[in-house]
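Peer 1: The structure follows.
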Amino acid sequence: MDISSWDGTISLAEFHVAARALVEKWKRVSSASPPWSWVSCPKQPWVASHEVEGYLSLENIILVSIKEEHDELLSFPQKEETSCSDKEESIDIATLVQSQSDRDEICYYDLHIVYSASYRVPVLYFRVYYSDGEPLEFEDIKKHLPAHSAKTLLDSKWTFITQEEHPYLKRPWYKLHPCGTGEWMKLLFQGDVSLARNGAAIEVYLISWLSFVGQVVGLRIPYEMLNQL
Amino acid sequence: MAAESQSPSFARKVVVHLRATGDAPILKQAKFKILGTEKFAKVIDFLRRQLHRETLFVYVNSSFAPNPDELVIDLYNNFGTFDGKLVVNYACSMAWG
């Protein structure tokens with residue numbers, strides 16, 4: 001890939017390569033936390049028959065929200081002492097939750113990474129709900145975000161959240177609008193030409209991308225995922 | 001200041017080197033020290049105030065954006081350079097459209 005002329009976007013085939021790389025590395029590195037998985041979908045009528053359709057999914061997870069005022073970190077359940085680690089359900093090993101909203105309880109996230117053919121970039125779709133399944137209002141989602149992430153990202157013109165019909169599930173989900181993605185992915189990789197020359201850029205594209213967009217929902221990427229980038 | 005060589009590692013200061021990329025303005029003072037226990041958000045805020053820009057793109061190793069809640073010492077320990085500093089790149093948003 002010639003990085004100087006690259007516009008920061010990727011093809012559907014490249015998205016699949018990047019998705020596979022993300023799933024494998026995440027599994028290897030964060031074996032105790034819920035894995036990203038690929039969900040295959042029935043083809044849309046306009047997709048060529050040889051192309052695979054699907055998206056990445058990470059569901060039913062709890063994400064951390066460290067309050068600004070407290071300096072002490074909430075303990076990360078690294079040692080798997082808690083009984084919750086036995087349950088399939090949800091504790092992401094890298095995170096714990098500290099709710100900041102009025103309804104002071106744990107909320108769950110479903111995250112999907114879907115390829116946008118029109119923007120040629122991945123798009124993050126997400127939904128947030130309480131343990132009884134009740135979805136959060138957008139204002140409450142913002143309150144649940146880690147304070148710094150909320151400040152940094154919601155004010156940025158690169159990140160605006162809209163609510164749209166999920167392209168496969170046909171239900172309303174929140175989505176981080178993709179219009180700035182190509183631009184900042186190009187900026188990101190421009191700093192290291194050797195990355196592109198060695199052909200490694202696609203393998204790490206989604207991981208790098210996720211380190212940015214994940215912040216909108218407070219997803220922390222474990223260092224081991226980022227170490228060989 | 002207590003002698004740094006005797007303090008526990010988390011109390012040490014980390015040297016941060018801010019690197020402008022793209023057409024971002026270059027800071028006159030691009031290197032500074034910050035306590036390892038500070039959150040990365042402090043580095044981001046510092047950049048914003050220096051550059052008077054709200055929209056900043058801040059990343060490490062030309063590959064990822066640290067979560068603002070990460071501790072500077074953790075970032076340094078994992079991604080610091082051989083010569084003992086944490087290089088933080090920043091870019092400004094381009095004109096829209």
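Peer 1: Can you find even one residue in segment A:191-199 that is among the aliphatic types (A, V, I, L, M) and modelled with pLDDT of 85 or more?
Peer 2: Scanning segment A:191-199 turns up no residue that is among the aliphatic types (A, V, I, L, M) and modelled with pLDDT of 85 or more.
Peer 1: Out of segment B:59-89, which residues are surrounded by 20 or more Cβ atoms within 10 Å (Cβ to Cβ) and under 20 Å from residue A:205 (Cα atoms)?
Peer 2: B:59, B:60, B:61, B:62, B:63, B:64, B:65, B:66, B:67, B:88, B:89
Peer 1: Another one. Could you give me the residue pairs with C-beta distances under 6 Å whose first residue belongs to segment B:32-53 and is farther than 18 Å from residue B:91 by Cβ, whose second residue is modelled with pLDDT of 90 or more and in a helix (DSSP H, G or I) wherever it lies, and which are 6+ apart or on separate chains?
Peer 2: Note: pairs meeting the criteria are B:34/B:72; B:36/B:72; B:36/B:73; B:38/B:72.
Peer 1: Taking only segment A:204-223 into account, find how many residues are modelled with pLDDT of 85 or more and either of a type in the set (Asp, Glu) or touching a His at 6+ places or on another chain (Cβ under 8 Å) (or both).
Peer 2: Final tally of qualifying residues: 0.
Peer 1: Show the residue pairs meeting these rules: Cβ distance below 6 Å; 6+ apart or different chains; first residue within segment A:192-215 and facing chain B (nearest Cβ under 9 Å) and closer than 12 Å to residue A:19 by Cβ; second residue assigned to a helix (DSSP H, G or I) and at pLDDT 85 or above.
Peer 2: Cβ pairs passing all conditions: A:207/A:22; A:207/A:225.
Peer 1: Can residue A:90 be described as at pLDDT 75 or above and surrounded by 11 or more Cβ atoms within 10 Å (Cβ to Cβ)?
Peer 2: no
Peer 1: If I go through segment B:28-44 residue by residue, how many of them are more than 20 Å from residue A:219 (Cα to Cα) and within 9 Å of another protein chain (Cβ to nearest Cβ)?
Peer 2: Of the residues in that region, 1 qualify.
Peer 1: Taking only pairs six or more apart or across chains, which ones have beta-carbon atoms under 7 Å, a first residue in segment A:105-130 that is small (Gly, Ala, Ser), and a second residue that is part of a strand (DSSP E or B) and buried (at least 17 other Cβ atoms within 10 Å of the Cβ)?
Peer 2: Once the first residue is small (Gly, Ala, Ser) and sits in segment A:105-130, its partners that are part of a strand (DSSP E or B) and buried (at least 17 other Cβ atoms within 10 Å of the Cβ) give A:116/A:123.
Peer 1: I'm checking my understanding of the structure. Among residues of segment B:62-79 that are more than 15 Å from residue B:35 (Cβ to Cβ) and not hydrophobic (A, V, I, L, M, F, W, C), which one is farthest from the other protein chains (Cβ to nearest Cβ)?
Peer 2: Top of the filtered list is B:66.
Peer 1: Among all residue pairs at least 6 apart or on different chains, which show Cβ distances below 6 Å where the first residue, located in segment A:17-42, is under 13 Å from residue A:225 (Cα atoms) and in contact (Cβ under 8 Å) with a residue 12 or more places away in the chain and the second is of a type in the set (Asp, Glu) and in a helix (DSSP H, G or I)?
Peer 2: Short answer, once both residue conditions are applied: A:21/A:203; A:29/A:224.
The values are calculated or read from the model by the stated rules, or taken from the named source; none is laboratory data. This one's a predicted model, so the numbers in the text were calculated from it and none came from an experiment. All Cβ positions, even for glycine, are placed from backbone atoms using ideal geometry, and neighbour counts span all protein chains on display.
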